[in-house]
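See below for the structure under consideration.
The values are calculated or read from the model by the stated rules, or taken from the named source; none is laboratory data. Predicted model only: the values in this text are computed from it and were never measured. Counting neighbours? That spans all protein chains shown, and the Cβs are built from the backbone with ideal geometry, glycine included. Remember, those area values only see protein heavy atoms, side chains included, never the ligands or the DNA or RNA. Shrake-Rupley method; radii C 1.70, N 1.55, O 1.52, S 1.80 Å.
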Amino acid sequence: MSMHPEERYAVRALKLGADGYITKNSVPEELIKVIKKIISGGKYFSESFADRLYTDLQKEIDEQPNQKLSEREYEVICYLASGKSVKEIADELFLSVPTISTYRARIMEKMNMKRTLSLPFIL
């Protein structure tokens with residue numbers, strides 16, 4: 001329970017292991033509900049905080065470079081990052097070497113990369 005608004009401290013409390021966050025200006029009935037929920041092993045954050053947290057998390061996920069890749073491109077980048085050659089990848093996926101090379105070029109463009117040496121660090 002805090003006198004500080006959720007916007008300022010709830011995320012920090014969550015990161016530090018809090019099971020819930022409620023402000024002192026909450027109605028008493030809500031406080032009782034929160035205490036019961038946490039005692040029974042649950043977690044509590046207000047609905048508006050949960051919505052905001054979800055929106056922020058989704059935005060963070062969407063901004064990750066590998067989210068721009070198709071499923072096949074992601075599969076190819078994983079093989080490349082593990083050190084497999086274009087030919088080895090083509091053999092494993094039953095595709096041609098030029099097809100894998102095209103996927104590699106698309107990956108490099110979408111991820112704004114100049115060399116494949118960076119691959120292990122972005123996955």
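Of note:
- Residues that are touching a residue at least 12 places away in the same chain (Cβ under 8 Å), in contact with a strand residue (DSSP E or B) (Cβ under 9 Å, 6 or more places away or on another chain), among the β-branched types (Val, Ile, Thr) and open to solvent by less than 100 Å² (accessible area, probe 1.4 Å) do occur in the range 1-22.
- Scanning the range 51-107 for residues that are more than 30 Å from VAL11 (Cβ to Cβ), under 20 Å from the mean Cα position of the chain (by Cα) and of a type outside the set (Gly, Ala, Ser) gives GLU71, ARG72, GLU73, GLU75, ILE77, CYS78, ILE107.
- Scanning the range 7-27 for residues that are acidic (Asp, Glu) and either at pLDDT 85 or above or closer than 13 Å to ILE38 by Cβ (or both) yields one hit, ASP19.
- Residues (at pLDDT below 90 and open to solvent by 60 Å² or more (accessible area, probe 1.4 Å)) located in the range 96-123: GLU109, LYS110, ASN112, LYS114, ARG115, LEU117, PRO120, PHE121, LEU123
- Checking each residue in the range 23-64 for being among the aromatic types (Phe, Trp, Tyr) and touching a strand residue (DSSP E or B) at 6+ places or on another chain (Cβ under 7 Å) picks out TYR44, PHE45.
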